[in-house]
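Please treat every number below as a calculation from the coordinates, not as lab data. Owing to the predicted nature of the structure, the values given are computational and were not obtained by experimental measurement. Glycine also receives a Cβ, built like all others from the backbone with ideal geometry; neighbour counts cover every protein chain displayed.
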Amino acid sequence: MSKKDKSEDEKPKGKGGLIKLVLGAVLLLGLGAGGAVGAVQMGYIGGSGEQEPDLPKLVKKGDDDPYAPASDSKDKNAVPVTHGEGGSEYRVAYYTFEEAFTSNLRGSTGLIQVSIAASTKHDGRVVQWMKLHELAIRSEVLVELAATPEEGLNSVKGKAKLQKRLTDAVNRVLEEKEGFGGVDQIHFRSLLVQ
């Protein structure tokens with residue numbers, strides 16, 4: 001066999017080996033990349049893999065509320081609110097329902113009429129949501145008022161129970177519509193039972 005024949009035999013082997021080497025490297029890179037993507041998605045690499053939901057946060061006194069509603073004040077000399085140092089460490093925001101709620105009382109010919117406001121220590125999204133879903137909230141509040149017996153409103157304890165039920169009703173609507181309640185308490189602006 002001559003040298004020329006040997007070199008021709010070796011060339012195809014060299015090309016075949018080089019192709020196998022390149023294919024092996026590409027295969028290993030593909031497996032490595034796929035494994036890395038899988039590890040990231042499963043949370044082994046790069047954090048938990050799940051984002052925490054963006055729910056309203058508690059706002060401390062003196063902190064800025066990124067979702068604060070625009071001020072309706074037309075008074076150019078208005079002084080900014082200064083919170084006291086005592087009490088809760090969180091600021092309280094209020095939403096007033098403009099129209100009163102009037103309903104029959106359960107098992108009675110009596111009527112109840114209430115004007116209410118809601119308070120929250122969470123950021124302004126809760127107030128925005130109450131305004132956005134006021135119609136659904138009004139409906140739920142009227143259902144709760146209609147389920148109230150007249151004798152249940154003759155005591156301070158009975159009125160406190162009604163406040164709690166109304167707070168729960170507002171939070172149910174907000175949780176259904178937005179995934180978060182956030183109302184701490186319902187306050188009576190006026191309450192009339194006839």
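Only Cα sites of region 93-193 enter the Debye sum here, all with the same form factor; the resulting log10 I(q)/I(0) across q = 0.12, 0.16, 0.18, 0.23 1/Å is -0.36, -0.62, -0.78, -1.21, listed in q order. Around the Cα centre of region 89-140, unit charges on the Cβ atoms of Lys, Arg, Asp and Glu (plus for the first two, minus for the last two) sum to a dipole of about 80 debye.
Summarising the label geometry, the points placed 7 Å from Cα in the beta-carbon direction at D54 and A160 lie 4.0 nm from one another. A protection proxy built from the mean count of other Cβ atoms within 10 Å ranks the segments 164-173, 138-147, 32-41, most packed first, as 164-173, 138-147, 32-41.
The label point for R106 and the one for S88, both projected 7 Å from the Cα toward the Cβ, are 2.8 nm apart. One decimal place: the segment K131-Q41 gains 28.6 nm when fully extended, by the rule 0.36 nm per residue minus the C-alpha distance.
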